[in-house]
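The values are calculated or read from the model by the stated rules, or taken from the named source; none is laboratory data. The structure presented is a predicted model; accordingly, all values stated were derived computationally and were not measured. Heads up, the Cβs are rebuilt from the backbone with ideal geometry, glycines too, and the neighbour counts pull from every protein chain shown. Side chains are part of the model used for accessible areas, which takes the heavy atoms of the whole protein and leaves out ligands, DNA and RNA. Shrake-Rupley method; radii C 1.70, N 1.55, O 1.52, S 1.80 Å.
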Amino acid sequence: MTLPSPDGATPAMAQWFSLKAEHPEALLFFRMGDFYEMFFSDAEAAAGALDIALTTRGTHGDMPIPMCGVPVAAASAYLARLIRRGFRVAVAEQTEPPRKPGKGVAKGPLARAVVRLVTPGTLTEDELLEAGRQNLLVAVAAGAGRAPSTRGWGVAWIDISTGAFETASVPPDGLMDLLGRLDPAEILAAAGVELGDFDARRAPQATVPAAATARRRVAETFQVANLDAFGTFSDEEAVAAAMALDYVRRSQAGQMPRLAHPHAHENGGILGLDPATRASLDLLRTRDGSTEHTLLASVGRTVTAPGSRLLAEWIAAPLTRCAPIAARQDGWSWLIDEGGVRAALRQGLRGTPDIARALARLSLGRGLPRDAAAVRDGLSIARRIAAALADGRAAPPAPIADAMRHLGGGTALEERLKHALADSLPARVEDGGVIAAGFDPELDAERGLRDDSRRIIAGLQNDYAQQFGVASLKVRHHAQLGYVIEIPTAAAARVRDRTDLILRQGTASAARFATDELITLDRRIAEAGERAGTRERAIFATLVRDILAEPAVPAIAQALAVLDVLQSCADLAAGGLWCRPDITDDAAFALTACRHPVVEAALPRSERFTPNDCVLDPAQRVMLLTGPNMAGKSTFLRQNALAVILAQAGLPVPAKAARIGIVDRLFSRVGASDDLARGRSTFMVEMTETAAILNLAGPRSLVVVDEIGRGTATLDGLAIAWAVLEAMHSTLRCRSIFATHFHELAELAESLPRLSPHTMSVREWKGQVVFQHEVVPGAARRSWGVHVARLAGVPEPVVRRAARLLTGLEKERAVGARPLPLFAPADPPARPEAADTAGPEIPEAVRQMLDQLDPDALTPRGALDMVYALKKLMLEESRHLDHG
Ligand code: ADP
């Protein structure tokens with residue numbers, strides 16, 4: 001919506017126009033007294049979004065000015081709703097104190113300035129944040145390289161609510177994976193950078209500095225001479241880091257929150273998960289955005305918000321190196337053995353405040369008394385937890401020992417805060433009473449003066465009642481008038497002649513008077529109160545400085561979060577239903593009695609989840625899974641993918657036993673990905689996602705796919721599924737589970753030696769289909785589609801008609817059917833570098849001959865004969881196939 005021209009605006013509106021021009025993309029919260037007012041199109045948009053009344057105020061260019069407002073005291077709740085609706089808000093405060101009326105007072109509106117830009121990625125208030133989620137601002141900068149296909153990316157992310165600041169360089173095709181992992185609240189990127197599905201989170205504008213400027217600016221922010229002080233950063237990482245910092249600075253009107261210095265992630269080290277895989281697995285959120293029925297919800301036993309955030313980070317970024325995974329496992333395994341320590345730890349962590357977020361608010365000058373108390377309480381809880389951990393019988397493993405080293409710090413600060421902060425704290429520093437009595441003599445003196453005067457006043461009521469002969473007289477404090485004597489109107493006549501009473505106000509029921517004595521005491525109370533307030537704010541400010549200067553505080557916050565995640569794992573695994581997986585460097589894959597944690601949790605009490613094994617070792621690395629709909633195929637596919645994520649995140653796995661060779665990339669294509677809203681057909685989406693797998697998966701990857709080829713005609717689909725299966729088996733050589741309703745594909749097992757056909761066991765009972773959810777070797781012989789239709793409530797006449805039609809069709813097909821041309825030569829592998837060292841598949845007869853052959857025992861002549869014989873055999877095999 002366009003704004004009218006500011007010409008001819010009243011002085012107040014002219015100020016509004018100029019502030020609005022600084023932040024055209026944001027709604028302007030324009031502070032007027034106790035309200036934030038919005039005008040023109042801002043007012044119209046906000047009134048709609050907040051469901052509040054739209055009114056008008058004055059006119060501009062002869063037209064009424066649309067206006068709406070929200071009370072300052074309730075602003076957070078309104079801000080939260082606006083941010084959730086995708087708005088940004090610029091908050092303009094009065095930057096000079098309200099003027100008291102009188103002579104010589106400046107005219108015109110009070111000075112105002114935008115003190116903060118509230119955007120999705122720069123939130124600090126608890127009301128605006130999800131306690132258990134990170135809230136990331138992400139900046140993306142393109143690397144050098146002319147063609148987009150060769151250009152890598154520098155990415156930086158900041159969570160100003162906790163002070164985390166990290167960067168990474170990713171290859172050209174790695175951006176979407178990283179954005180999927182970070183799930184940013186807001187993204188800064190130059191206009192030309194394509195963000196795909198993440199485009200809706202793009203910030204309205206982003207300025208991209210040159211690399212040298214960027215390095216200098218980041219270094220300056222952290223007061224070091226050179227960014228290299230913090231590690232090695234590529235140019236694009238430095239640019240992204242500077243973009244993020246600039247945006248934070250701008251959003252906080254120049255103030256900088258406490259930020260950890262930037263930490264550069266080295267390349268790799270993290271399991272590759274593309275956005276389609278994340279979407280299909282419901283890791284942290286389901287597709288509709290809910291946090292229920294997710295992997296995180298099913299494994300999370302954390303008791304603090306920072307712990308829950310860290311657990312989410314671990315799940316979003318599983319590792320690919322054995323040692324750090326084992327370290328995490330050691331941490332929770334120790335806690336399983338040390339049951340007493342675990343119970344004490346869990347108990348101790350309960351009620352631990354969110355230190356990181358409190359620190360962020362304190363560093364932005366937005367700290368509340370309870371934020372300082374959070375640090376005080378956090379420090380003392382940490383000390384108690386350190387003592388509890390020291391009670392373990394066995395020596396604690398690395399992650400716990402590391403945490404313990406930090407926990408005992410900050411004792412001097414803790415003592416100081418304990419003495420300084422009052423027992424019961426007000427909501428805001430301005431309310432007074434934050435600092436405890438006895439902490440600061442000067443503050444105590446001012447408070448004493450104020451309280452003495454109050455005591456004198458309290459005693460005055462009796463004196464006055466006697467003096468004026470009015471027993472019902474009261475001395476009261478009145479918001480505008482100060483201390484007054486209140487006399488009921490009926491008795492007011494009795495004091496009419498008293499010259500020492502100064503009439504302040506007369507109402508229908510009472511008359512209010514002041515005396516010189518009251519005026520003096522009143523002034524003394526006000527002045528002492530003001531001085532006490534000033535003193536209190538100054539003390540609070542030094543406390544905040546002390547807190548921010550203590551390096552132990554953020555370290556303790558981090559240590560407590562790690563301990564919370566470890567105890568969560570131990571709590572989960574202590575019941576014996578979750579195991580510690582064996583993580584190896586080879587291509588092992590064996591899950592024993594594995595379950596799907598989310599489906600299991602959602603089953604009604606009367607039903608038990610059927611656990612299943614899954615073995616994909618090098619001899620049978622491709623599992624072909626057939627079976628009817630509803631038999632549990634997608635559940636099985638997902639549970640194996642989830643097991644890898646949990647295992648490599650260092651978490652327990654829902655299985656009896658698990659042995660997993662590190663997976664470098666995991667692809668999961670399970671469940672209809674409905675992308676029709678974006679104008680791509682289901683089949684197109686399916687093929688795009690299949691293409692990604694074929695181009696990126698390698699021998700260390702795990703691929704679980706469901707129903708490739710379902711989106712097109714049967715023969716087309718079969719052909720595509722077949723070719724993809726062959727490519728996975730022989731070219732990519734990845735571990736995979738390939739679920740399909742093309743039962744014919746099971747015949748390929750004869751030519752693909754590492755293919756192991758499995759099926760979901762199904763029984764028929766009195767004409768009904770019974771799903772046993774059990775994965776057994778073999779192939780499905782029928783589809784049970786008609787049975788499932790009946791189960792779903794398709795009317796009986798239609799089901800019976802379908803059954804009759806099916807019998808007819810099956811007969812026809814049996815007459816004309818030919819077996820699949822199983823041994824037709826496939827094209828040579830598309831990626832020779834990744835090709836199976838065994839080359840293309842060798843016919844069985846040839847293989848047998850080769851097996852029986854002993855080269856050392858051959859004469860040269862015998863060898864030549866053998867070559868002729870082999871060649872002949874090969875030729876026969878392929879002829880046989882062509883005509884077969
Ligand atoms: P498919 O992909 O074969 O159509 P699903 O995996 O969606 O089937 O499973 C259908 C339903 O069957 C699930 O919602 C769940 O209730 C149940 N189910 C699946 N696997 C199991 C299992 N192993 N044990 C118990 N119930 C299961």
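Select from segment 281-296 the residues that are in a loop (DSSP other than H, G, I, E, B) and surrounded by 19 or more Cβ atoms within 10 Å (Cβ to Cβ) and list them in ascending order.
Residues satisfying the conditions are 282, 283, 284, 285, 294.
Out of segment 758-771, which residues are crowded, with 18+ Cβ neighbours inside 10 Å and either away from the ligand (no atom under 16 Å from the Cβ) or among the hydrophobic types (A, V, I, L, M, F, W, C) (or both)?
Within segment 758-771, 760, 762, 769, 771 meet the criteria.
Residues in segment 772-781 that are open to solvent by 70 Å² or more (accessible area, probe 1.4 Å) and more than 15 Å from the ligand (Cβ to nearest atom): how many?
2
Is it the case, given these coordinates, that residue 361 is open to solvent by less than 20 Å² (accessible area, probe 1.4 Å), in the same structural domain as residue 560 (by the TED database) and in a helix (DSSP H, G or I)?
yes
Which condition number does residue 784 fail, the rest of (1) of a type outside the set (Ser, Thr, Tyr); (2) more than 16 Å from the ligand (Cβ to nearest atom); (3) within 23 Å of residue 638 (Cα to Cα) being met?
Residue 784 satisfies all of (1) of a type outside the set (Ser, Thr, Tyr); (2) more than 16 Å from the ligand (Cβ to nearest atom); (3) within 23 Å of residue 638 (Cα to Cα) except (2).
Starting from residues that are over 22 Å from the mean Cα position of the chain (by Cα) and within 16 Å of the ligand (Cβ to nearest atom), keep the ones in segment 655-668 and report whichever is surrounded by the most Cβ atoms within 10 Å (Cβ to Cβ).
So, considering only residues that are over 22 Å from the mean Cα position of the chain (by Cα) and within 16 Å of the ligand (Cβ to nearest atom), the one surrounded by the most Cβ atoms within 10 Å (Cβ to Cβ) is 655.
Looking at segment 604-612, is at least one residue open to solvent by 40 Å² or more (accessible area, probe 1.4 Å), within 16 Å of the ligand (Cβ to nearest atom) and touching a helix residue (DSSP H, G or I) at 6+ places or on another chain (Cβ under 7 Å)?
No, the conditions are met nowhere in segment 604-612.
Quick test of your reading of the structure: residue 123 fulfils all but one of (1) within 19 Å of the chain's Cα centre (by Cα); (2) more than 22 Å from residue 189 (Cα to Cα); (3) at pLDDT 85 or above. Name the failing condition by number.
Of the numbered conditions (1) within 19 Å of the chain's Cα centre (by Cα); (2) more than 22 Å from residue 189 (Cα to Cα); (3) at pLDDT 85 or above, the odd one out for residue 123 is (2).
Could you tell me which numbered condition residue 394 fails, if it satisfies all but one of (1) open to solvent by 30 Å² or more (accessible area, probe 1.4 Å); (2) under 23 Å from residue 419 (Cβ atoms); (3) touching a residue at least 60 places away in the same chain (Cβ under 8 Å)?
(2)
How about segment 334-352: which of its residues are of a type in the set (D, E, K, R) and open to solvent by 20 Å² or more (accessible area, probe 1.4 Å)?
Matches in segment 334-352: 337, 342, 346, 350.
Looking only at segment 647-667, filter to residues that are of a type in the set (Val, Ile, Thr) and part of a strand (DSSP E or B); which one of those is nearest to residue 563 (Cα to Cα)?
By that ranking, first place goes to 653.
On the given criteria, is residue 174 surrounded by 17 or more Cβ atoms within 10 Å (Cβ to Cβ) and on the phi > 0 side of the Ramachandran plot?
Considered against the rule, which asks whether it is surrounded by 17 or more Cβ atoms within 10 Å (Cβ to Cβ) and on the phi > 0 side of the Ramachandran plot, residue 174 comes out as no.
As an exercise: evaluate residue 575 against (1) more than 16 Å from the ligand (Cβ to nearest atom); (2) over 32 Å from the mean Cα position of the chain (by Cα); (3) modelled with pLDDT under 95; (4) open to solvent by 30 Å² or more (accessible area, probe 1.4 Å) and give the number of the one condition it does not meet.
(2)
Quick one: how many residues across segment 118-132 are surrounded by fewer than 20 Cβ atoms within 10 Å (Cβ to Cβ), more than 13 Å from residue 78 (Cα to Cα) and of a type outside the set (Gly, Ala, Ser)?
2
Being among the hydrophobic types (A, V, I, L, M, F, W, C), crowded, with 23+ Cβ neighbours inside 10 Å and part of a helix (DSSP H, G or I) is the filter here; which residues of segment 725-744 pass it?
725, 728, 732, listed by residue number.
Of the residues 366, 405, 384, 370, which single one is crowded, with 16+ Cβ neighbours inside 10 Å and either assigned to a helix (DSSP H, G or I) or in contact (Cβ under 8 Å) with a residue 60 or more places away in the chain (or both)?
From the options 366, 405, 384, 370, the qualifying one is 370.
Would you mind telling me which numbered condition in (1) open to solvent by 60 Å² or more (accessible area, probe 1.4 Å); (2) under 60 Å from the mean Cα position of the chain (by Cα) residue 500 fails?
Failed condition: (2).
Quickly run through segment 613-654 and pick out the residues that are more than 14 Å from the ligand (Cβ to nearest atom) and at positive phi.
Passing the criteria: only 650.
Just wondering, is there one or more residues in segment 591-599 that are of a type in the set (S, T, N, Q), in contact with a strand residue (DSSP E or B) (Cβ under 9 Å, 6 or more places away or on another chain) and surrounded by fewer than 17 Cβ atoms within 10 Å (Cβ to Cβ)?
yes
Please state which of the following conditions residue 85 fails to meet, knowing it meets all the rest: (1) touching a residue at least 60 places away in the same chain (Cβ under 8 Å); (2) open to solvent by 40 Å² or more (accessible area, probe 1.4 Å).
The number of the failed condition is (1).
Among the candidates 259, 273, 283, single out the residue that is of a type outside the set (Lys, Arg) and within 18 Å of residue 361 (Cα to Cα).
It is 259.
Tell me, which residue of segment 54-82 that is in contact with a helix residue (DSSP H, G or I) (Cβ under 8 Å, 6 or more places away or on another chain), surrounded by fewer than 16 Cβ atoms within 10 Å (Cβ to Cβ) and under 20 Å from residue 16 (Cα atoms) is modelled with the lowest pLDDT?
The extreme case among them is 58.
Could you tell me how many of the residues in segment 201-256 are open to solvent by less than 10 Å² (accessible area, probe 1.4 Å) and among the polar types (S, T, N, Q)?
Count: 2.
Please enumerate the residues belonging to segment 690-707 that are within 16 Å of the ligand (Cβ to nearest atom) and open to solvent by less than 10 Å² (accessible area, probe 1.4 Å).
The answer is 704, 705.
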